[in-house]
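The values are calculated or read from the model by the stated rules, or taken from the named source; none is laboratory data. On a predicted model such as this, the values are computed, not experimentally measured, just so you know. Here Cβ is always computed from backbone atoms with ideal geometry, including for glycine, and neighbour counts include all displayed protein chains. Heavy atoms of the whole protein, side chains included, go into the accessibility calculation; ligands, DNA and RNA do not. Shrake-Rupley method; radii C 1.70, N 1.55, O 1.52, S 1.80 Å.
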Amino acid sequence: MTDYFDKFDSIIAVSTGNYFKSAISVIRISGPIEPDALLPYLSCSAPIEPRKAIFTKLLNNNETLDEIVLTYFKGPSSFTGENVFELSVHGNPINVNRIIDFLTKELNLRSAEAGEFSYRALRNKKLSLNQIEGLDLILSSNSDFAISQGLNLLSGDVNSDYTEIKKAYLYLCSTLEVVINFSEDLGEKEAFDIFKDSFESFKNLIEKLKERAPIEPEILIKPKIVLYGKPNSGKSTLFNRLLKKKRSIVSSTEGTTRDYIADTISIKGVSFELIDTAGIRSTEDEIEEAGIEFSKNLLDKAFFKILLTKDDIKDDSFDLVIKTHSDFGPMGPLEDHVSRINGPIGANLLEKNTDFDNFVLSSIINKFEMSIENNPIIIPRHNKIINELYNISNNFNNLVDIESDFAILSSEVGSMGALLEELIGQVKSDDVLDNIFANFCIGK
Amino acid sequence: MNMYDIIVIGGGHAGVEACHIASKFKLKVALITLESVPIGSAPCNPSIGGIGKGQVAREIDCMGGLMGKLADSAGIQYRILNESKGYAVQSTRVQIDKDLYAINAEESIKLIPNIDIIKEKVISIDKVNDFKVITEKNEYISKKLILTVGTFLNGKLHMGKETFEGGRIDSENSEGLEDIFSNIKIRNIRFKTGTPPRILKRSIDFSKLIEQKSDPKAINFHLLNDNQRKIDQLSCYLTHTNQKTIDIISENKELSPMYNGQIEGTGARYCPSIEDKVFRYPEKSNHHIFVEPEGLNTDLYYPSGISSSLPKKIQDEFIKTINGLENSEISKYGYAVEYDVIDTTYLNSGLEHSEIPGLHFAGQVNGTSGYEEAAGQGLIAGIYASMVLSGQDPIKLSREDSYIGVMIQDLITNTRDEPYRLFTSRSENRLSIREDNCHLRMKKYRDLLNINDEFDEYLNILEDEFLCLSKFCDETSVSLDNISKYNDELAKVFKKLEKKIFISDILKVPTVDPVDFLNYITNQCKISFNFRSIRTAAISKKYEGYIKKHDVYTRKIQKVDRMNIDLNKMLNSSNISFECKQRIKKSRPETFKDLKNINGIRQATLAVVASGVY
């Protein structure tokens, strides 16, 4: 990313999907480029006014390249903070690519790097880091829940819990400073007691937040269902059953060779990636170590893990262990197939005589709904900070019991602050003093 | 001819330090001050030091200043504040005999041959090439001018409905700065400070008060002094306000200049008048009052905690409700003073005004409060002006290793809407900026002053001893037997670890007093060091790990903060708004942190500067 810092040229990229034929594709240009630079290539007349959609021909000399709708956003009132042009062109990828090539050459543009538009918005302070994270969440997540968390961030809403934490942290710093600087005015014991109380409330807030910070938040952003098991254990059959379609072509997902195949299923509006780990075998099959490693990783990052096996296995690391028969074709009664289910959901469902497909799908969506019940914090950076904070505040809790040196305690609180700063913004010494004077009767 | 290298106007704590340090550069110096105001007088609380301020007093002492010596020469009660809360936040405070302090201050300045004391009132100042200072009687010329005029600029006193022109109760004021010096901008905000009534000793019932004796363990301020007190010691006393006190003040709210609109100036929230306390914290009735002697031979006691500008009658009334003060006679009534302050963002790291080269401001006129803060600024202004005149690069104290550095940087990067006082929380490095290591922190700066007297020789010895002791702590192991002789419980803890134990390991144990243990060990080993070296070495070891840890957490932020930035490049940048440039031009930030601290600087400006694309 740092490479972008010294680049202030104009960039171009297609903003809509460019892999399929669609009615319209949007090409976006951002940078110092002025509207006049585009005029020679347009049939419309000057001036190009900001925030007005203009229907015009795109011209290469006198030849019409395409008929487009052009919208000009004048910087800084644009997404990136620079001049932005959005060209809605006809969506054939060949057409789109031809136009991009043409404009790149004629207007001396550069192809945008991945994320560069957002990056410029960040650099020009059009979006905060929190908002960028929100945007990323909206663009990449598979569920309503994640999208609304992303939208909250994008709209600039600071998580109300963070505001509370900031207040509690400020209060903690203040009480520490009161102990150090103003005990004489307030009385030693009174000062110490308010410090202890303030740390208690800070700690409680962190603990509450920690409960909402799953260890691996990525798992909830794009939840994956992984079917795991030896060859011929019935994975592909289950895969097809859940997708409710027969895969005629088994297409490998891009980036991997034939390690796994995947498709998307939607359960109650939440998109899951269903992965059939086709190529994964156990170690005695002597496949490459890298492959095993890969499958393990896949399993680690999975939201819902299903093991298919012909043996009687009990394995708590799976959400569902399905004992399959050799003729795992048409489904018999549920209990014939499912030998072990982890967690309370499964047990409930087992009692009802649900049909098999529904049972599996409900297990998955129920687990998902439970996981998002307490509105988990899934932005990885926030999540990581919260987990770290939790550890530090626990250590601090132990330190308070043995260490009476307030310089040390305050230094430790300062270290927490350095971390918190990434979540809640800077807490300045003046903020602390303001808080002291607002809350305590200080001074001689 | 009345020609000087440096003229200092104002003989308070800032002025005294400024002319005193300038004299060490063999410059010809004049101190011009009002006849009616004693040199080095303490018009408010009778004490030097305190939390954060004790550190400053010692820093001044190590830099060749007078404050430490004067405080010891007049010290009548020493206290170690925060004694139980860790060495890094400990500070020394001494109650002073005010008269003696002022007498010694004037004597010290008088004895210096290259300082002339001129007791005249300044009427106006001109600048052509040099400064021309015109008093009622004479004209004086100087290359550098240091203004340390305290609360005297347009000073106005308030006591109930009565108001007087003046900087203090018993002296006249100065004209407004605009009248004296036509092309200087003052801030359009006035500051206010106040002082409590003084009570006669014979009218106080000490048997009802809680006595606080002088602490013999407290270490004298001047580094070359041993730990004997110079004069007799007195006690201070503690008492409290009560509901009756509060009621009287509440009933007379309308008579308080602070609350009826008569005073417009902004007071410091950390130094509230008793009226402030009552109206802002109505639920609290027992406010602390420290009853402090103003000297050995004076009959005056200073009741710290009840500064007031209420009418005399009300002061009489409420003070008599206080335990032990029922029969008290007030000899001087409390009052508030309002005064002009200058905009310190125009000043550089030597407190020199950017628009009038050679003109420095120091002390309360810069909107600070406290004798120590004033003295620290006077010292810096004096050093800067002197070094420039002597053709040397002036030194700049960093906020990383001194409280004076913290204060100067805070002052010149921002204006405040209340008087500035040093709190230890203003420093980012509280664990390393301590009283005990003050001499080591300041040595590198002092060396650059080339004073080269016995103080410097002593500093060299202390530095060598410290390095030697640090090594000794890291490399010397202690036997379990030896530890158990010191503390059996401690030995048990270490026994479990089954590894070689070094002195440093023990100094870091939370329950161990590091100074006490290192004293024990050096005695055991029959090696002798200066008590200061043992303290500093032991305390430094205790904090070593925490300082490193803190550094790791803050390194990322500080790395950017410490980044030097190019002023001209910013002012010519097309990526920085006009408004931001105005602010930058005024404050002239040198590091990214300075820039960040400027009020109203835009995030976008910070972003382009941080990324280096301005």
Item to complete: Could you tell me which of B:L310, B:S573, B:L462 has its Cα farthest along the dipole of chain B towards the positive end, charges placed at Cβ (Lys, Arg +1; Asp, Glu -1), taken about the Cα centre?
Response: B:S573
Worksheet item: Taking R0 as 30 Å, what's the FRET efficiency between B:E489 and B:D215 from their Cβ-Cβ distance, rounded to 0.05?
Response: 0.60
Practice prompt. State, to one decimal in nm, how far the label point of B:D316 lies from the label point of B:R280, with both points 7 Å from Cα in the Cβ direction.
Written response: 3.0 nm
Worksheet item: Straight-line reach from A:K367: which aspartates and glutamates have Cα under 13 Å away, leaving out those fewer than 8 places along the same chain?
Response: A:D319
Fill in: Segment B:D566-B:Q582, length gained on full extension (0.36 nm per residue, minus Cα span)
4.2 nm
Item to complete: Sticking to Cα atoms, compute the Rg of region B:284-387 to one decimal and its Dmax as the biggest Cα-Cα distance, whole number, in Å.
Response: 19.6, 55
Worksheet item: Dipole of region B:211-274 (Lys/Arg Cβ +1, Asp/Glu Cβ -1, origin at the Cα centre): which of B:I219, B:G267, B:C236 lies farthest to the positive side?
Response: B:I219
Worksheet, complete the sentence: Expected field for B:V122, accessible surface area in Å² at 1.4 Å probe radius, rounded to 10, holds 20 Å²
Practice prompt. Determine how large the accessible area of A:F182 is when every protein chain is in place; take a 1.4 Å probe and give Å² rounded to the nearest 10.
Written response: 0 Å²
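How many percent of DSSP beta bridges within region B:1-120 run antiparallel, rounded to 5?
On the way: 9 of 17 bridges.
Restricted to region B:1-120, the bridges split so that about 55 percent are antiparallel.
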Discussion item. Place a point 7 Å from Cα of B:E400 in the direction of its Cβ. Which residues in region B:440-477 have their backbone N less than 19 Å from it?
Written reply: B:440-448
Worksheet entry | Relative contact order [Cα under 8 Å, 6+ residues apart], chain B, whole percent | 16 percent
Discussion item. Less than 20 Å apart at the alpha-carbon level, and either on another chain or at least 8 residues along: which aspartates and glutamates does that give for B:K499?
Written reply: B:D474, B:E475, B:D481, B:D488, B:E489
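Determine the order of B:E338, B:E83, A:E184 by accessible area, beginning with the largest, at a probe radius of 1.4 Å.
Values: B:E338 10, B:E83 85, A:E184 40 Å².
Sorted by accessible area, descending: B:E83, A:E184, B:E338.
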Worksheet entry | Label-to-label distance, nm, for residues given as B:E35 and B:I231 (7 Å Cα→Cβ offset) | 2.7 nm
Discussion item. What distance in nm separates the two pseudo spin-label positions at B:N297 and A:N395, each 7 Å out from Cα along the beta-carbon direction?
Written reply: 5.9 nm
Item to complete: Among B:S124, B:P196, B:Q364, flag the residue with its Cα farthest along the positive direction of the charge dipole of chain B, charges on Cβ as +1 for Lys/Arg and -1 for Asp/Glu.
Response: B:Q364
Worksheet, complete the sentence: Set A:K230/A:K305; B:K26/B:K137; B:K485/B:K526; A:K384/B:K548; A:K126/B:K581, cut-off 18 Å on Cα-Cα distance; pairs above it are B:K26/B:K137; A:K384/B:K548; A:K126/B:K581
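Among B:K127/B:K161; B:K28/B:K156; B:K119/B:K192; A:K203/B:K217, which pairs are too far apart, with a Cα-Cα distance over 29 Å? Mind showing how you got there, number by number?
On the way: B:K127/B:K161 40 Å; B:K28/B:K156 34 Å; B:K119/B:K192 26 Å; A:K203/B:K217 38 Å.
Listed pairs above 29 Å: B:K127/B:K161; B:K28/B:K156; A:K203/B:K217.
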Worksheet item: For region B:311-409: lysine pairs with Cα atoms under 20 Å, gap of 8 or more or different chains, count?
Response: 4
Worksheet entry | Values of log10 I(q)/I(0), in the order q = 0.26 Å⁻¹, for region A:46-132 under a Debye, Cα-only, solvent-free model | -1.32
Worksheet item: What percent antiparallel are the DSSP beta bridges of chain B, to the nearest 5?
Response: 70 percent
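Once neighbouring chains are kept in place and the probe is 1.4 Å, which whole percent of the accessible area of region B:282-332 is contributed by carbon and sulfur? Don't jump to the answer; show the numbers that get you there.
Values: 830 of 1820 Å².
Exposed carbon and sulfur together represent 45 percent of the surface.
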